[in-house]
Amino acid sequence: SLDPSTFPFSLSTLIKQGSPYLGNLSAPITIVDFSDFQCHLCARFVKNTEPLINETYIQTRQAALVFKHLPNRGFDSMGAHLAAQCTNDQGKFWQFYNLLYENQQGIDTGWVNEENLKKFASQILGLEMGQFSSCFNSQKYREFIDNDVKLANSQGFFDTPNFIVVNSGDGSDPEIIRGAQPFPAFQSVIEKKLGELKK
């Protein structure tokens, strides 16, 4: 029998590999988000749609959200993603993620240069800066992020944001949602999947 934990989009595989996630491990549905911190549509999704997904499905343990790195908008994007994955080592990824999207400016205007990334990190309560800086300076997660990009490209994603909604257990029955769709687009996919799983 196949071991579901080896399937690329099963929740346990995504978490085991070190991807940041929100939600409960036993949530039946997983939403995989491929985004770039410099992408304006991604910021729109984070401000408008994600809170509704969180409230409706993540807090109620019906869905988990997994973040995948797809830096593609500019030269400074890779640095922002390296920094963000470093904050995940200390359990602070989502604080950093929100800070970046709240402070997002024009692509490659310097808002996520090295100095500013460290400034953002220093604003997060309880983040140990020495550990963060050595992770960031050594580009510890370069290969990790490159692998996320390869995974995205293998699904035909070259732009951001893009989402795959799957059954958490084995990553099966993928439904793709392209772009920063409004909440009802996610709701209809998730409700359909939850209905199928109950059968």
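The values are calculated or read from the model by the stated rules, or taken from the named source; none is laboratory data. Note that this is a predicted model, so its numbers are computed, not measured. Cβ atoms come from the backbone with ideal geometry, glycine included; neighbour counts cover every protein chain shown. Remember, those area values only see protein heavy atoms, side chains included, never the ligands or the DNA or RNA. Shrake-Rupley method; radii C 1.70, N 1.55, O 1.52, S 1.80 Å.
Sort out which residues of segment 158-175 are more than 21 Å from residue 12 (Cβ to Cβ) and modelled with pLDDT of 95 or more, and write them in order of number.
Correct list: 160, 161, 162.
Hey, any hits in segment 143-150 for a residue that's open to solvent by 80 Å² or more (accessible area, probe 1.4 Å), outside any strand (DSSP E or B), basic (Lys, Arg) and in contact (Cβ under 8 Å) with a residue 12 or more places away in the chain?
The answer is no; no qualifying residue exists.
Does segment 9-23 contain at least one residue that is in contact with a Gly (Cβ under 6 Å, 6 or more places away or on another chain) and open to solvent by 10 Å² or more (accessible area, probe 1.4 Å)?
Checking segment 9-23: at least one residue is in contact with a Gly (Cβ under 6 Å, 6 or more places away or on another chain) and open to solvent by 10 Å² or more (accessible area, probe 1.4 Å).
Can you tell me which residues in segment 7-35 are in a helix (DSSP H, G or I) and over 20 Å from residue 189 (Cβ atoms)?
12, 13, 15, 16
This table checks each residue for (1) buried (at least 24 other Cβ atoms within 10 Å of the Cβ); (2) of a type in the set (Val, Ile, Thr); (3) more than 14 Å from the chain's Cα centre (by Cα); (4) within 26 Å of residue 111 (Cβ to Cβ).
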| position | (1), (2), (3), (4) |
| --- | --- |
| 25 | no, no, yes, no |
| 38 | yes, no, no, yes |
| 48 | no, no, yes, yes |
| 61 | no, no, yes, no |
| 83 | yes, no, no, yes |
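Could you grab the pairs with beta carbons closer than 9 Å, sequence gap of 6+ or different chains, first residue in segment 1-28 and at pLDDT 80 or above, second one surrounded by 14 or more Cβ atoms within 10 Å (Cβ to Cβ) and acidic (Asp, Glu)?
Final answer for the pair search is 9/170; 10/170; 18/89; 19/148.
Conditions tested, residue by residue: (1) open to solvent by less than 20 Å² (accessible area, probe 1.4 Å); (2) of a type in the set (A, V, I, L, M).
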{"site": "66", "(1), (2)": "yes, yes"}
{"site": "75", "(1), (2)": "no, no"}
{"site": "92", "(1), (2)": "no, no"}
{"site": "100", "(1), (2)": "yes, yes"}
{"site": "116", "(1), (2)": "no, no"}
{"site": "129", "(1), (2)": "no, yes"}
